[in-house]
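*Asks:* Have a look at this one before I ask anything.
The values are calculated or read from the model by the stated rules, or taken from the named source; none is laboratory data. It should be emphasised that the depicted structure is a prediction, and the values quoted were computed from it without experimental measurement. Neighbour counts are summed over all protein chains in view; Cβ atoms, including those assigned to glycine, are modelled from backbone coordinates with ideal geometry.
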Amino acid sequence: MTQNLHRAKLSVKLITGLMAFITVAGLVSCGGSGGATNYSVGGAVTGLQESITLRNNADVLALNRDGRYSFNNRLNSGDVYNVSIQRQPDNQTCEIINATGTVATANVTNIIVSCLNGVTLSGRYQAVPLIQVDSDVNDVTAKLNVSNDSFFEAQVIPNFSTVHGFVTEQGTGRFGDGDRFAGDADKRDFYSVDLQVNQTIRLQVADFSGVDVFQGNLYLMLYDSAGAMIGLSDLSKEFENIVVPAPGPDAPADGKYFIVVEAFSGSSKYTLSLNVVTPANILRQSSVDFRPGESIVQFKPNATVNNIQASSQSSNQLGNQPNNPQITFSHHQTTRATLASFDVANINSASALSSGLNSRGLKAAPNFIDELKQKNFASYQKYQTLQQIKRLNQRADVVFAEPNYIYKALRVPNDEFYNLQWHYPAINLPQAWDITTGAITEGSRAGGDVIVAVVDTGVFLAHPEFSGQLVSGYDFISDVTNANDENGIDNNPDDPGDGAQLSSSSWHGTHVAGTVAAKSDNNTDVASVAWQAKIMPLRVLGTLGGSSFDIIQAIRYAAGLSNSSNTLPAQKADIINLSLGGSGFSQASQNAYNAVRSAGVIVVAAAGNENSSQFSYPASYDGVVSVSATDFADNRAPYSNFGSRVDVAAPGGNQGVDLNNDNFGDGVLSTLVDDSSGSRVDALRFYQGTSMASPHVAGVFALMRAVYPELSPDEVDTLLATGSITTDLGAAGRDDIYGNGLIDALKAVQEALKLSGGEDLPVLPAFIAADPSQLAIGTNLGGILQLSNKGDDPASITGVVADAGWLSVAEGTVDGNNLGEYLVSVDRTGLSDSSYLGTIVFSLSTGATLNVQVSMDVGQIDKTGNAGTIYMLLLDENNNAINQASTIDNGDGTYDYRFDNVIAGTYGIVGGSDIDNDLFICQLAEACGGYPILNTLSTIDVSDSDITGLDFVVDILANFGANVSSTKNNITTTGIKRPVDKLIEQPLNNDNKQLQ
């Protein structure tokens, strides 16, 4: 069990734990013969160099030299004596031997007072550069106390910093403990900071699990300089993440932002980390592009219709919160998620303080809700929507409630028109067309159609290139305003346009559908990938984008599953193409894709156009084939996303160059619409984007289904992973740029023919991979690598070595092949301030090696850190806190400290903050350090000389980068010589911050 440091509040004088402090009972004579006072009480003093005052009952004696002594008052036989030290010497510590007893029939001469000279232990601690502290924490003794509760009061912090702070949704109620926020809430902390696009913001909710005094549920929001909410993470989990979005209509470029940490319930410490690079393993980046006043809700199977209906009529179902709006649900079935709707436009702020004063009589901070409503009404509506969703998630009969995210077409628009389709020969389509053009000619489905569902803006049904190429579709846009066709969902997937003015619509779905299966080999217009496949147009994107709820209904329809239309297609789709996306993870969506895949439907999606490793959905959902984009030269298109979720690449174009020297930008040419005259007429146009790459892959899969209709999603995954249907690009094997390579139509059709002839799938060779593939430890204590075999052939780890002296690796939990968890730790002892790179080399039974690069930082001194108020503790050899030192701020991020009157012995030194005022230091989300470094405390042997230069670094304890649980026994890694988590409680008095 991990123990934590406490700090002692000593109001008058610091008293060391090794001195004997014996309380005099003040007893009177209780026996004896009643004779004369004949016996003296005394002994000897040794080592005294100053003055000391002793007391025996009421008798006081002052001494200033060594030698024999006796108290003035004499005692009778049978009397009790109790000798104590009333005042210690200023620079010495004395203790008493034989201090109490009963007088017999002789003088008492064996009470020995032994004095030792104290020495001074001093040093300096330095706050790690770029660490910051919330300006209004719960520790009432903290030096800084400035409100940062609103946009106006936002605390300015430098970029790339790490902040530790505290928020509480209501007053803590701990008046007796001296909490700063005992009576008043500190619900939000605002930070003003210059950020960069694709930078990661991470929040760790230190008290999420509630194992300490406090427990809280926090979430993270990002606003631009105008107060528009552009990012949020509301997972209701220990970790929340936001990636600064790429510039666009709804997102600014690099510059000033506001980060807001808010307590939805309870109280908690937190760590806010601003990282440089977006890691590839972020679990979720929550989108702010969602519909105000709507939520997708999944009820538990045992929820009754009556309860669901009742919850739509009574706000009490949401926890008796004030101003809760009435809720309506799209349906009352528990087998699939329902759409909840509620009015959030006119909710009054329940937290406004009409008097303008808080409970301490001080001027209250500007009310955030009112400030946001005035500053940015759209963000206000989104904020109120999140509050309602949080309350829905508190219901006992709800599995989850989440925003109804809006997704938009992944297109980099360009108005130019061109007439060349270089992108088909690039993937060997002409050779594949010699084998099939998409018609099913054999087997039980001979004469039938391969159907590709295009989930998009709809399709211009009257385009001549779609004559005979379409099957019935559906319009799933439920919002009449978004639909732009004066009704909600209906059976007409025709695209009326998604622009407000003429010539402003994208006609995105028409372009995508033309790539998949436009009429071909007809001496006009353009060709497509799968000439004889059929398109199922499903409309989900309107003038405002598309919601996750509507998209879920569309893919369920395509797979022949129940949906909001209460209808099913005559034949389900073979493949679904989604050239759309956003950064919001939806559990309801993941559930839907799982169901679609189980129905045998292959799902393909665009990886995204943000030039980022940021996860884009639906491409990053499990079971979805994610497609990145290439240019004419088979290089990654400059806009294309990349990362661990990319499965395959395909031509997406780059209209900014003309690499084939045809005097046209190298875009993807396909069908479109021209409405400049006021009427829709067919047209052709070049577009670029991963939206254009995805239908190339969907079309190739349609060709494969034509020759092998039983092709399953699992078989597609295996063929991709083995490189059987791709041309390898970039680094050998799978990489984060091209996935498993550029799709090859000829190879794909050939492999499908093999499968149709009964041949087995190719065996995937052993491929041992590390997750993460690169480990960035930063200033944390260590990290964890997970090694696994992604292939079919067996393989094992035969050895592991680190190439740097500061880097070490040890087996954690591994199997018989030594695959599994490896614990990586670093030793910063003796290293100068800098960034360090090392490599862990795993030897494999295949004869190959796996190299994992590890980066580590030792604090830089170029930017001043601020750890807040630090409590310095002196530990005895049993790790008990026996002294507390004051500190002096040098103004440069360093602080001097000194322990006086320390007697000979063995000690340790630690220091830490207590931002939540729970009497414990060095918990998660608090600053902590020790001499010489926290995870390897050194003993300090004290004799008779002062010791200086006991310097160390203080950093914020956080688990970012280590991928471990935040339970206390994981604060330090395995093998620490003298870990802080083994310190034992040893109180000094009833008003102490001690070791737990």
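*Asks:* Evaluate the following for residue 495: is it of a type in the set (Asp, Glu), closer than 18 Å to residue 466 by Cβ and in the same structural domain as residue 606 (by TED's automatic domain parsing)?
*Replies:* Yes.
*Asks:* Among the numbered criteria (1) in contact with a strand residue (DSSP E or B) (Cβ under 8 Å, 6 or more places away or on another chain); (2) over 25 Å from residue 450 (Cα atoms), which single criterion is violated by residue 577?
*Replies:* Residue 577 satisfies all of (1) in contact with a strand residue (DSSP E or B) (Cβ under 8 Å, 6 or more places away or on another chain); (2) over 25 Å from residue 450 (Cα atoms) except (2).
One line per residue, one yes/no per condition, for (1) of a type outside the set (A, V, I, L, M); (2) out of contact with any Gly (no Cβ under 8 Å at 6 or more places or on another chain):
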site: 495; (1), (2): yes, no
site: 507; (1), (2): yes, no
site: 523; (1), (2): yes, yes
site: 532; (1), (2): yes, no
site: 536; (1), (2): no, no
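*Asks:* Quick one: which of 538, 544 is aliphatic (A, V, I, L, M) and surrounded by fewer than 21 Cβ atoms within 10 Å (Cβ to Cβ)?
*Replies:* Of 538, 544, the one residue that is aliphatic (A, V, I, L, M) and surrounded by fewer than 21 Cβ atoms within 10 Å (Cβ to Cβ) is 544.
*Asks:* Which ones in the range 673-706 are without any contact (Cβ under 8 Å) to a residue 60 or more places away in the chain and among the β-branched types (Val, Ile, Thr)?
*Replies:* Passing the criteria: only 681.
*Asks:* Across the range 374-388, what is the number of residues that are surrounded by fewer than 19 Cβ atoms within 10 Å (Cβ to Cβ) and more than 26 Å from the chain's Cα centre (by Cα)?
*Replies:* 3
*Asks:* Further question on the same structure: Please verify whether the range 975-982 includes one or more residues that are modelled with pLDDT under 90, on the phi < 0 side of the Ramachandran plot, among the basic types (Lys, Arg) and not in a loop (DSSP other than H, G, I, E, B).
*Replies:* yes
*Asks:* Restricting the search to the range 172-193, which residues are buried (at least 16 other Cβ atoms within 10 Å of the Cβ) and either on the phi > 0 side of the Ramachandran plot or at pLDDT below 90 (or both)?
*Replies:* Residue satisfying the conditions is 193 alone.
*Asks:* Residues 435, 440, 477: which one is modelled with pLDDT under 90 and either outside the structural domain of residue 601 (by TED's automatic domain parsing) or part of a loop (DSSP other than H, G, I, E, B) (or both)?
*Replies:* When all the criteria are applied, what remains is 435.
One line per residue, one yes/no per condition, for (1) among the small types (Gly, Ala, Ser); (2) modelled with pLDDT of 80 or more:
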{"position": "504", "(1), (2)": "yes, no"}
{"position": "518", "(1), (2)": "yes, yes"}
{"position": "542", "(1), (2)": "yes, yes"}
{"position": "554", "(1), (2)": "yes, yes"}
{"position": "563", "(1), (2)": "no, yes"}
{"position": "574", "(1), (2)": "no, yes"}
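*Asks:* Is there a residue in the range 742-765 that is assigned to a loop (DSSP other than H, G, I, E, B), small (Gly, Ala, Ser) and within 28 Å of residue 629 (Cα to Cα)?
*Replies:* Within the range 742-765, not a single residue is assigned to a loop (DSSP other than H, G, I, E, B), small (Gly, Ala, Ser) and within 28 Å of residue 629 (Cα to Cα).
*Asks:* Does the range 707-721 hold any residues that are closer than 14 Å to residue 748 by Cβ, in contact (Cβ under 8 Å) with a residue 60 or more places away in the chain and not in a helix (DSSP H, G or I), and which are they?
*Replies:* If the condition is that a residue be closer than 14 Å to residue 748 by Cβ, in contact (Cβ under 8 Å) with a residue 60 or more places away in the chain and not in a helix (DSSP H, G or I), then 711 is the only one that fits.
*Asks:* Just give me the residues in the range 91-113 being more than 59 Å from the chain's Cα centre (by Cα) and of a type outside the set (S, T, N, Q), in sequence order.
*Replies:* 99, 101, 103, 104, 106, 108, 111, 112, 113
*Asks:* Out of contact with any strand residue (DSSP E or B) (no Cβ under 6 Å at 6 or more places or on another chain) and at pLDDT 80 or above - does that describe any residue in the range 400-414?
*Replies:* Looking for residues that are out of contact with any strand residue (DSSP E or B) (no Cβ under 6 Å at 6 or more places or on another chain) and at pLDDT 80 or above, one finds none in the range 400-414, hence no.
One line per residue, one yes/no per condition, for (1) modelled with pLDDT of 85 or more; (2) closer than 20 Å to residue 398 by Cβ:
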| position | (1), (2) |
| --- | --- |
| 287 | no, no |
| 302 | no, yes |
| 308 | no, yes |
| 311 | no, yes |
| 327 | yes, yes |
| 332 | no, yes |
| 339 | yes, yes |
| 348 | no, no |
| 352 | no, no |
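*Asks:* Further question on the same structure: Test residue 209 against the criterion of being under 13 Å from the mean Cα position of the chain (by Cα), part of a loop (DSSP other than H, G, I, E, B) and modelled with pLDDT under 85, and give yes or no. Write out each step before concluding.
*Replies:* On the way: under 13 Å from the mean Cα position of the chain (by Cα): no; part of a loop (DSSP other than H, G, I, E, B): yes; modelled with pLDDT under 85: yes.
Here the answer is no, as residue 209 does not meet what is asked.
*Asks:* Test residue 497 against the stated conditions and say whether it is farther than 21 Å from residue 571 by Cα and surrounded by fewer than 23 Cβ atoms within 10 Å (Cβ to Cβ). Full working, then the answer.
*Replies:* Values: farther than 21 Å from residue 571 by Cα: yes; surrounded by fewer than 23 Cβ atoms within 10 Å (Cβ to Cβ): yes.
Considered against the rule, which asks whether it is farther than 21 Å from residue 571 by Cα and surrounded by fewer than 23 Cβ atoms within 10 Å (Cβ to Cβ), residue 497 comes out as yes.
*Asks:* If I filter the range 140-152 for residues that are assigned to a strand (DSSP E or B), crowded, with 18+ Cβ neighbours inside 10 Å and of a type outside the set (Ser, Thr, Tyr), do I get at least one hit?
*Replies:* No, because not a single residue in the range 140-152 is assigned to a strand (DSSP E or B), crowded, with 18+ Cβ neighbours inside 10 Å and of a type outside the set (Ser, Thr, Tyr).
*Asks:* If you don't mind, another one. Mind checking which residues of the range 84-93 are touching a Gly at 6+ places or on another chain (Cβ under 8 Å) and β-branched (Val, Ile, Thr)?
*Replies:* 93
*Asks:* Having 2 or more residues that are in contact with an Asp or Glu (Cβ under 7 Å, 6 or more places away or on another chain) and more than 23 Å from residue 525 (Cβ to Cβ) is the bar; report the strands (runs of 3 or more DSSP E) wholly within the range 575-683 that clear it.
*Replies:* 625-630
*Asks:* Could you tell me how many of the residues in the range 548-567 are assigned to a loop (DSSP other than H, G, I, E, B) and either more than 22 Å from residue 401 (Cβ to Cβ) or of a type outside the set (A, V, I, L, M, F, W, C) (or both)?
*Replies:* Residues meeting the conditions: 8.
*Asks:* Tell me which residues, restricted to the range 79-91, are surrounded by 18 or more Cβ atoms within 10 Å (Cβ to Cβ) and closer than 30 Å to residue 898 by Cβ.
*Replies:* 84, 85, 88, 89, listed by residue number.
*Asks:* Okay, moving on. Name every residue in the range 92-117 that is crowded, with 19+ Cβ neighbours inside 10 Å and of a type in the set (A, V, I, L, M, F, W, C), in order of residue number.
*Replies:* Selection gives 94, 96, 99, 103, 108, 111, 113, 115, 116.
*Asks:* Would you mind stating whether residue 485 is free of Cβ contacts under 8 Å to residues at least 40 places away in the same chain and either of a type outside the set (A, V, I, L, M) or surrounded by 24 or more Cβ atoms within 10 Å (Cβ to Cβ) (or both)? Reasoning before the result, please.
*Replies:* Values: free of Cβ contacts under 8 Å to residues at least 40 places away in the same chain: yes; either of a type outside the set (A, V, I, L, M) or surrounded by 24 or more Cβ atoms within 10 Å (Cβ to Cβ) (or both): yes.
Yes; evaluated as a whole, the condition is true for this residue.
*Asks:* For the structure I just gave you, tell me whether residue 749 is modelled with pLDDT of 95 or more, surrounded by 23 or more Cβ atoms within 10 Å (Cβ to Cβ) and among the hydrophobic types (A, V, I, L, M, F, W, C).
*Replies:* Spelling it out, it is not the case that residue 749 is modelled with pLDDT of 95 or more, surrounded by 23 or more Cβ atoms within 10 Å (Cβ to Cβ) and among the hydrophobic types (A, V, I, L, M, F, W, C).
*Asks:* To continue, here is another question. So which residues in the range 153-199 are in a loop (DSSP other than H, G, I, E, B), within 18 Å of residue 130 (Cβ to Cβ) and polar (S, T, N, Q)?
*Replies:* Within the range 153-199, 159, 161, 196, 199 qualify.
*Asks:* Can you tell me how many residues in the range 436-465 are polar (S, T, N, Q) and surrounded by fewer than 16 Cβ atoms within 10 Å (Cβ to Cβ)? First the steps, then the outcome.
*Replies:* Residues of the range 436-465 that are polar (S, T, N, Q), as a first pass: 436-437, 441, 444, 457.
Okay, now just the ones that are also surrounded by fewer than 16 Cβ atoms within 10 Å (Cβ to Cβ), so 441, 444.
Residues flagged as polar (S, T, N, Q) and surrounded by fewer than 16 Cβ atoms within 10 Å (Cβ to Cβ) within the range 436-465 amount to 2.
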